[in-house]
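Note sheet for the following structure.
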Amino acid sequence: MTNEQMIEAILDKMNIINRGAIKAEEYNRADSSAVKEIYDYVMNRSSLSISEVDGIVEELGQLN
């Protein structure tokens, strides 16, 4: 799975509607292991709190 695919899946799982700030195609050069770590965390959760979503979005912002 590519970084872009993992980012799209993360955004889908978090129900992010406004994706203007996080463009999956911009993560192709990001550290794959960091993206995978976030992806695994999000996909293994049945639900996410608002604070978790905020933290994940912040982490994604630092990867790009």
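The values are calculated or read from the model by the stated rules, or taken from the named source; none is laboratory data. Keep in mind that what you see is a predicted model, and the values were worked out from it rather than measured. All Cβ positions, glycine included, derive from the backbone under ideal geometry; neighbour counts span all protein chains shown.
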(Q) Report every pair of residues separated by at least 6 positions or lying on different chains whose Cβ atoms are under 9 Å apart, first residue within region 39-64 and among the polar types (S, T, N, Q), second not in a helix (DSSP H, G or I). (A) N64/I22; N64/K23; N64/R29; N64/A30
Q. Mind checking which residues of region 14-37 are crowded, with 17+ Cβ neighbours inside 10 Å, touching a residue at least 24 places away in the same chain (Cβ under 8 Å) and not in a loop (DSSP other than H, G, I, E, B)?
A. Y27, V35
(Q) For region 3-27, which positions are polar (S, T, N, Q) and at pLDDT below 90? (A) N15, N18
Q.
Taking the condition of being closer than 20 Å to T2 by Cβ and surrounded by 15 or more Cβ atoms within 10 Å (Cβ to Cβ), how many residues in region 42-56 meet it?
A. 2
